[in-house]
1. Determine the alpha carbon to alpha carbon distance for each of 333/392; 123/243; 313/382; 416/501 and list only those over 23 Å.
2. So, R0 is 51 Å and r is the distance between the beta-carbons of residue 293 and residue 335; what FRET efficiency does that work out to, to 0.05?
3. Per 0.36 nm of contour for each residue apart, how much would the distance between residue 175 and residue 507 grow if the chain were fully extended, relative to their Cα-Cα spacing?
4. Straight-line reach from residue 470: which lysines have Cα under 17 Å away, leaving out those fewer than 8 places along the same chain?
5. In the structure shown, do any of 444/494; 109/256; 408/494; 154/241 have a Cα-Cα gap over 20 Å, and if so which?
6. Heavy atoms of the protein only, probe of 1.4 Å, neighbouring chains included. What is the accessible area of residue 348 in Å², nearest 10?
7. Run the paramagnetic zone check for residue 312: 7 angstrom along Cα to Cβ, then residues of the stretch 454-485 with backbone nitrogen under 19 Å.
8. Sorted by accessible area (1.4 Å probe), largest first, how do 424, 522, 417 line up?
Amino acid sequence: MAASDSDDVNLAYDDTADDYFYLDDTDDDLHPPQASDSLDDDQLQGSDSHNDDDDDLLQNSDWHDDGDHDCDDNDDGDENALEEDEHDSPISGQNYSVLTEADIRHRIKDNIAEVSSVLSISKNEASSLLLHYNWSVNNMFDSWFADEKAAREKAGLFLEPLIGSPDHDSSICVICFEDYPCDGTKSTSCGHRYCNDCWSSYIKTAIADGPQSLLLTCPHPSCRAAVGEDMVGLFASEKEKNKYSSYIVMSYIESKKMIKWCPGPGCENAIDFVAGSENLDVSCLCSHSFCWNCTQDAHRPVDCETVTKWMSKNSSESENVNYILAFTKPCPKCKRPIEKNMGCSHMTCRAPCLYEFCWLCLGDWKNHGTCNRFKGNPEEEKREKAKQYVMKYTHYFERWATNQNSMKKGAAELQKVQTEQIEVLSRIQAQPLAQISFVTEAWKQIIECRRVLAWTYAYGFYLPEECEAKRNLFEYLQGQAESGLERLHDCAEKELLPYLKDEISVEGFIEFRKKLTLLTRVTRNYFDNLVTALQNGLSDVNTGSSSVSKKRKSNWAAAAVNAAPVLDTNINDNSATAPAAAASAMEPWACAYCSYENQSSATNCAMCGRGSWTCDVCTYANSRTSATCAMCTDAPEP
């Protein structure tokens, strides 16, 4: 093991011991992430600069006050490296990667090793430099090679001590003013010597004060010499060392613009995001899905601003005010709000007011005659608008909350499927677990679709009323999505139950698997298209038009079918001639409504029950596979 650069004191310290600030007790047999995992130019991964002793340190994460460390070789590194890559490297098509605490510590260690090797300095000095340059390797290199002296002064690293070593065998601690032998005092690069007890108290107090202890300097008032990790390793307790180590990890993450902590309860993972990605929804290994931009729960297809307004509205007292305004009237005398709870219009205010009045016109009941004549009343108009607003909000909030609850129940059901039903299903149906995974995939899709569907109601609430064409298309697409999701949810939840009791043959289970797999794919495709459409602001709609054509609706309804590669739909959006339909009569056909692939002998769709249809415009009898009328190109009503 490499020797230390420490002073000639009895408190020996190994220079490589700073590795322990980047490895915890669970980091055995880990390897550094690949260079391709990093998004920042200053993250130099996979460096070859560390020596064999540094590699050995990966095997041991325990602190030792004497600075000596026993290291064992790792024979299982390759196997664990493969396991590490599974979550450290972005999945194909995924715009982010999940970093565990071990991954973060290895990135930190690699940066320090790179700087130490390139600049030929100790790892303690490299760590201090990176902390002062916010872990930007490139910026630190630029400053160092431009002016090494200035870079050292900024980090508090001195080549020569500011004061000389004592010329006698004892030294006075300038904090407690006690006389100690030289081996009872310690100094940083500046040469200011303090006793071990004062150093210990100074460092422990700084760590207790928070992350600012990472930039701790010499106790001397005018000295800026850095107090590095070597000093912390010598004088801090085990608990304080772990806290200091966590500060280092925290500072690394907070210095990276494209890395954020997962906000999931108790989660210590971080998300490394790919810059420029349009999809901001990410999912951590802890199963928590959130928006990388605002860290709120995942909320496709609405933007972060809409989510903020919607959540603020849900928790705001303004809705109570709107309810009072919409469904109560003030007493004409004392102005106390009154809610009508009986049939007649004769109202009596509560004591001590006891004023009697007409609910309709608010006139004095003693002098009340009739109030059937229309008279414009601004207050009544205001009340009516408030009532409509409350009804609108209640409509969208109820459905948003219902889908949110369904999503949570779906997550609980997924947990039950993974822990209980999968093994039962595999045993009863004599199928390997790989052949049963379609059930969990269906539930994962249900959860995601419930999340998307819930936020479409927030989208609809803020959709301007004057955009009638967009609203018509939005409500049509939302309705189709809800219907498709309900079919998938019903199939996964109810139709699975008989197969857990061995009540149906193997052939029936195979048919069920085909059906659920197809429904999962079709639903996923439709919701992906729906999200894209809403995020684009329904740009296909001509805002000058007051309605949406049936053909346009049909094209949207068929979007999922066209996107599903497993379906041979042969659907033509413009026409479907009778000869073509006759030619394919002996082949399996795909329903134009739900895209389910039916047997050639089936006259109606086994999924949605629909068959051939008659055009409402020209009354032409179209084949069951036609998405639009062969005569007038109009679309069937859903």
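The values are calculated or read from the model by the stated rules, or taken from the named source; none is laboratory data. What you are looking at is a predicted structure, and each value in this text was computed from that prediction instead of being measured. With ideal geometry, Cβ positions are generated from the backbone for all residues, glycine too; neighbour counts draw on all protein chains shown. Surface accessibility is based on the protein's heavy atoms, side chains included, excluding ligands, DNA and RNA. Shrake-Rupley method; radii C 1.70, N 1.55, O 1.52, S 1.80 Å.
1. Where the Cα-Cα span goes over 23 Å, the pairs concerned are 333/392.
2. For R0 = 51 Å, the calculated efficiency reads 0.65.
3. Length gained, residue 175 through residue 507: 111.0 nm.
4. 550, 551, 553
5. Long pairs (Cα-Cα over 20 Å): 154/241.
6. 80 Å²
7. Taking a point 7 Å out along Cα→Cβ of residue 312, the residues of the stretch 454-485 whose backbone N falls under 19 Å are 458-464.
8. 424, 522, 417
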